[in-house]
Amino acid sequence: MLGTYFYHEIVRKTVVSFGTLFNNIYVKHKDGNNADLSEIKVPLAYGPAQKFLARIEQQAELNKAVTMSLPRMSFEMNNISYDPSRKVSVTQTFKTTDDNNRIKKVFMPVPYNLGFELNIMTKLNDDALQIIEQILPYFQPAFNITIELIDSIGEKRDVPIVLDSISFQDDYEGDFSTRRALIYTLQFTAKTYLFGPIADSTDGIIRKVQVDYYTDTDTLRSKREVRYTATPTARKDYDAGDHALLAENVDLTETILTVNDTSSLSVNDRVVVNSEIMKITKKTSNTITVKRAYDSTIAGEHSVGTKVNLLNSADDALIVPGDSFGFDESTDFFESGADFSPTRKLDL
Amino acid sequence: MALNPFFLQGSSSEQRLVQSLINEQLRMYGVEVTYIPRKLINVDNIFTEVESSKFDDNYSIEAYVNTYEGYAGGGDILTKFGMSLKDEVTLTISKERFEDFISPFLAAEPDSEVPLSTRPREGDLIYFPLGQRLFEVKFVEHEDPFYQLGKNYVYQLKCELFEYEDEVIDTSISDIDRQVEEEGYITTLRMIGVGVTAEASALINTGYIREIFLNNDGSGFTSPPLITFEDPLDNTGTTATAVGVLTTKGGITSLKEILITNAGAGYTTIPNILIQGGGGTGAAATCSINTAIVGLGSTGVTAITVDSGGAGYPLVPTVTIARPDPGATATATVGASGTITEFTITSGGQAYVAAPTVTISTPTRSGVLDSIRSVNAGSGYQVNETVRLVPNNVSMGGTEAIIRIDSVNGSGGVTGFTTVYGGYEFEVSSNPSNDFYEARGGSGSDNFRLMVDSVQTVTGTTATGTAVVSAGSTISSITITNPGSGYTKSPHADAPTVTISNENQFKNPGAVQATAVAIVNSSDQVSAIRITNPGSGYLSNPTVTISNPTTIVGIGTYQFNEVITGSDSGATARVKSWDDRSNVLKISYVSGTFREGENVVGSASSATYSVSSYSADDTYDKYTENDEIESEADDILDFTESNPFGVY
């Protein structure tokens, strides 16, 4: 039943993101005159390790002169639990696009809490306090990080990291047979989301809508007479094709624009200048008269040298899912008595 | 009840015998260890802990290993903080030997560093040579064995392996110091071995892009857009090229400027500029082209070719393009009395429209004759003639003094004289018989000799002059307004120099000096030069000068454990290791931040190299994963609000 292979590495990404919060913490030491003596970027690592690898890497020389160097921080994931408080309906889906602008269908993610433990071991109490003070002010008690959980669909989620508790161990009492150990332990919960498989969607942009109107409900005998067609039109220049350049500064209301060359533009063409779409109503060799703020865009001021990009059918064909676009409508009348064949896409 | 008076319970001679036997046994069956006392640098008196300490002394002492079957303790274990070695050892040392040979030296140290000297101290280190390990004394047991013959003879040192942080271990015994060579927080300075000055040459042309005006800087760029210029109309020129430079302010990335890579040639009308791609919108720019300048060339710097990228440029060097209108140069002639008598124009310069300021160097001479006296009057001299004195051991000319003869006796011997010009670089004569100056010139036959009693340093009066601009916009002459005094004659190095100003205020405004900026690649080489202003009025290809790298040749070998200092930042660190093949300097104990391009000098070796880059990540410790975590997180984390954990 289960078993569609997928692996988004979400848990791993959450572990890495959690770790990176603490990878730039410093400890400074001063001399008796309060001048800086040294600073240490506190080493951080994911605690659990393959034993043989840890041994051969960290103790390549069997005769190691010292026990270890401090301070150090380690973190590890120690708990995974379902978070019912963030539950949403499992049958809900949302659509998104992948890197190649193909539409994908994604089920709503399942909320999971990952428990983390950050351990800080220092030689000096002062070192531990320097580290703790650099961490705690950011957690009230949560700190949000934005993680790209699934890169193929660019799915970014805010993951709150909640500081649950702080405890520390300071074994300074007792005889001298054991060394003092100073270990601070911070417990965190990362409220992340787990995603299921990402399916291809059959959906896409509808490139054409065509409706034929009949004069009667008896479609066998009556003939269609009117055809309404709607196609999407681009609102930006996808193909970086034909264009002219503004030869003057244009204010908010000016409708006769001087350009360097109008040979590639025609009356009734739509053009886009910055993000304002205009429709050409008239042209001379170096001016175009336009309808400003066309297609519900907002008129803006444009500088000399700005491109006047032609929006044509080549751009319309390049519209990708997720972009906003307009519509081009047309209405045709028939008297031929032919019928439209949806399979052959012809009037027969 | 009192003890039995017929038994001694240990006489002092018996106690000495036992101590001697113990000392002998330890010398026969012991191991020679090194006792390294801890010196306190900074103590926190509230939390009662030593924040910083150093270990820079060493004392050899024989010790018996109590745990002869091996180390005690937990052995090697894997903890959540990586590998940890829990070895422990108990060593027995002679009380007498410690008190005789180590305590006196410890007592001589300042109390603030070594507060206790009478006994071995917890916290001190023992180097155990068999296992090459540094043990820290955890506890000193002084009563085991318990008062044999009424006295204790040994200390038992209970030790465990040292927990290292950033303590300086500099005992001068290499075997010991190098035990921590790869321990602790180690960062990397990449140094520059050899720096080579980059070279470039400029091309000039006519009909070029004079200036680019960024009318709208646009927004939303993710990469620099493509900047293209229209071709020149007649299609015989060269199309200009340029690159966009982005800047981000308040989260909006826009075009900061457009830098010319080739200013083109043959433009007669202003071309349009297209700004495409880069993910942004709204950017627009226009430009101007040059027009011919009357009396000057109509060309500007249109392209700069990097002939040699040089080496050792972690910082962007400055690029200087010579002016289109060279300045005038002149020399001054110094007369017999140290005044300027004449200015000679060696080059009239170009494009002067107003008289430039003329600056003559300030005269300063040392070793000028102050007090002199005659040691031999000579003969055959005449009143009012002059003779010359030439300083000894001076190969350069222009230093001789001039003496005028005021009176002579019957045989023409000099009886009175005056120093007209005190010369230069004379030394005080030590005795009249063989350290004197002989007068040269004049009509005397038997030489007039003088000895110098004292010399002085003279600062004369600075001369002034006014430049005269000719009809051809060059400097034709300089009129002396004040001849000054105290100058040294050429060819001496301190002969006066004349500087004629070449600043814009005196020049034709159509002559504009071109400017450019260098682009440095990741290999610290100059990869390209972009023109910020092509200038105007050039008549020939100007020279392009690129500033030198900080270090031309790095010298020396950094020594282990020496302190290094950044010449600019003042940052300090200690050397862990130096690889002279890859020029990688591993350092620890870092205070401050090393800057790219500054020199780093070793305190003991005096080795000097300049910094190519500094990385604060410890990439040598096999436990540390900071760098790996960060680089993996960079791909998945959206830190548009920047890492709040970034600054200490």
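The values are calculated or read from the model by the stated rules, or taken from the named source; none is laboratory data. Please read all numbers here as calculations on a predicted model, not as lab measurements. Cβ coordinates were reconstructed from backbone atoms using ideal geometry, including for glycine residues, and neighbour counts include every protein chain displayed.
Below is a table of values for the structure above.
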quantity: Candidate set: region B:258-269, residues that are β-branched (Val, Ile, Thr) and modelled with pLDDT of 85 or more; chosen: the one surrounded by the fewest Cβ atoms within 10 Å (Cβ to Cβ); calculated: B:THR261
quantity: All positions within region A:28-44 that are on the phi > 0 side of the Ramachandran plot and either at the interface with chain B (Cβ under 7 Å from one of its Cβ atoms) or modelled with pLDDT of 90 or more (or both); calculated: none
quantity: Any strands (runs of 3 or more DSSP E) falling wholly within region A:45-108 and containing at least 3 residues that are within 14 Å of chain B (Cβ to nearest Cβ); calculated: A:66-69, A:72-82
quantity: Residue within region B:553-568 that is within 30 Å of B:ASP170 (Cβ to Cβ), among the aliphatic types (A, V, I, L, M) and surrounded by 22 or more Cβ atoms within 10 Å (Cβ to Cβ) present; calculated: yes
quantity: Test: residue in region A:112-119 that is within 12 Å of another protein chain (Cβ to nearest Cβ) and either of a type in the set (D, E, K, R) or in contact with a Leu (Cβ under 6 Å, 6 or more places away or on another chain) (or both); calculated: yes
quantity: Pair list, Cβ < 6 Å and 6+ apart or interchain, from region A:2-27 residues that are farther than 27 Å from B:VAL590 by Cβ to residues that are assigned to a loop (DSSP other than H, G, I, E, B); calculated: A:THR4/A:PRO197; A:PHE6/A:PRO197; A:HIS8/A:PHE195
quantity: Checking B:SER172 against (1) closer than 30 Å to B:ILE126 by Cα; (2) surrounded by fewer than 22 Cβ atoms within 10 Å (Cβ to Cβ); (3) within 14 Å of another protein chain (Cβ to nearest Cβ), the condition it does not meet; calculated: (3)
quantity: Positions within region B:23-43 being of a type in the set (Asp, Glu) and closer than 18 Å to B:LEU161 by Cα, in sequence order; calculated: B:GLU32
quantity: Elements of type strands (runs of 3 or more DSSP E) contained in region A:246-328, each with 2 or more residues being among the basic types (Lys, Arg) and either without any contact (Cβ under 8 Å) to a residue 60 or more places away in the chain or buried (at least 19 other Cβ atoms within 10 Å of the Cβ) (or both); calculated: A:276-283, A:287-294
quantity: Residue under evaluation B:THR67, criteria (1) more than 10 Å from chain A (Cβ to nearest Cβ); (2) free of Cβ contacts under 8 Å to residues at least 12 places away in the same chain, criterion not met; calculated: (2)
quantity: Boolean, B:SER379 is over 19 Å from B:VAL455 (Cα atoms), in contact with an Asp or Glu (Cβ under 6 Å, 6 or more places away or on another chain) and of a type in the set (Gly, Ala, Ser); calculated: yes
quantity: Residues that are modelled with pLDDT of 80 or more and either touching a helix residue (DSSP H, G or I) at 6+ places or on another chain (Cβ under 9 Å) or of a type in the set (A, V, I, L, M, F, W, C) (or both), drawn from region B:270-297; calculated: B:ILE270, B:ILE273, B:LEU274, B:ILE275, B:ALA283, B:ALA284, B:ALA285, B:CYS287, B:ILE289
quantity: Set A:VAL159, A:VAL106: member being of a type in the set (A, V, I, L, M, F, W, C), touching a residue at least 12 places away in the same chain (Cβ under 8 Å) and either more than 20 Å from A:PHE6 (Cα to Cα) or not assigned by TED's automatic domain parsing to the domain that holds A:SER69 (or both); calculated: A:VAL159
quantity: Qualifying residue in region B:602-612 (condition: at pLDDT below 90, facing another protein chain (nearest Cβ under 7 Å) and over 30 Å from A:ASP158 (Cα atoms)); calculated: no
quantity: Residue list for region B:569-592, filter: under 15 Å from the mean Cα position of the chain (by Cα) and either crowded, with 20+ Cβ neighbours inside 10 Å or not assigned by TED's automatic domain parsing to the domain that holds B:ASP617 (or both); calculated: B:ALA571, B:THR572
quantity: Looking only at region A:130-185, and only at residues there that are among the small types (Gly, Ala, Ser) and in contact with an Asp or Glu (Cβ under 9 Å, 6 or more places away or on another chain), the one that is farthest from the other protein chains (Cβ to nearest Cβ); calculated: A:SER152
quantity: Some residue of region B:219-236 being in contact (Cβ under 8 Å) with a residue 60 or more places away in the chain, surrounded by 17 or more Cβ atoms within 10 Å (Cβ to Cβ) and either of a type in the set (Ser, Thr, Tyr) or in a strand (DSSP E or B) (or both); calculated: no
quantity: Residue match in region A:43-58 (condition: closer than 30 Å to A:VAL320 by Cα and assigned by TED's automatic domain parsing to the domain that holds A:PRO111); calculated: no
quantity: Set B:TYR538, B:TYR623: member being within 14 Å of another protein chain (Cβ to nearest Cβ), more than 28 Å from B:GLY251 (Cα to Cα) and at pLDDT below 90; calculated: B:TYR623
quantity: Lone unmet requirement of (1) within 30 Å of A:ALA317 (Cβ to Cβ); (2) touching a strand residue (DSSP E or B) at 6+ places or on another chain (Cβ under 6 Å); (3) in contact (Cβ under 8 Å) with a residue 24 or more places away in the chain for A:LYS208; calculated: (3)
quantity: Leading residue by the ranking (surrounded by the fewest Cβ atoms within 10 Å (Cβ to Cβ)) among those in region B:44-64 that are away from every other protein chain (no Cβ under 13 Å) and within 28 Å of B:VAL168 (Cβ to Cβ); calculated: B:SER60
quantity: Criterion (more than 21 Å from B:ALA516 (Cβ to Cβ), in contact with a Leu (Cβ under 8 Å, 6 or more places away or on another chain) and buried (at least 16 other Cβ atoms within 10 Å of the Cβ)) met by exactly one of B:LEU274, B:LEU246, B:LEU255; calculated: B:LEU274
quantity: Residues of region B:354-395 classified as without any contact (Cβ under 8 Å) to a residue 40 or more places away in the chain and polar (S, T, N, Q), total; calculated: 3
quantity: Candidate set from region B:139-158 (those that are free of Cβ contacts under 8 Å to residues at least 40 places away in the same chain and not acidic (Asp, Glu)); member that is surrounded by the most Cβ atoms within 10 Å (Cβ to Cβ); calculated: B:VAL140
quantity: In region B:272-292, the residues that are in contact (Cβ under 8 Å) with a residue 60 or more places away in the chain and within 14 Å of another protein chain (Cβ to nearest Cβ); calculated: B:ILE273, B:GLY280, B:THR281, B:GLY282, B:ALA283, B:ALA284, B:ALA285, B:THR286, B:CYS287, B:SER288
quantity: Region A:194-245, residues that are surrounded by 14 or more Cβ atoms within 10 Å (Cβ to Cβ), charged (D, E, K, R) and closer than 21 Å to A:PRO321 by Cα; calculated: A:ARG235, A:LYS236, A:ASP237, A:ASP239
quantity: Qualifying residues in region B:626-644 (those that are facing chain A (nearest Cβ under 7 Å) and closer than 20 Å to B:THR187 by Cβ) - the one modelled with the lowest pLDDT; calculated: B:ASN643
quantity: Condition check for A:LEU194: within 14 Å of chain B (Cβ to nearest Cβ) and at negative phi; calculated: no
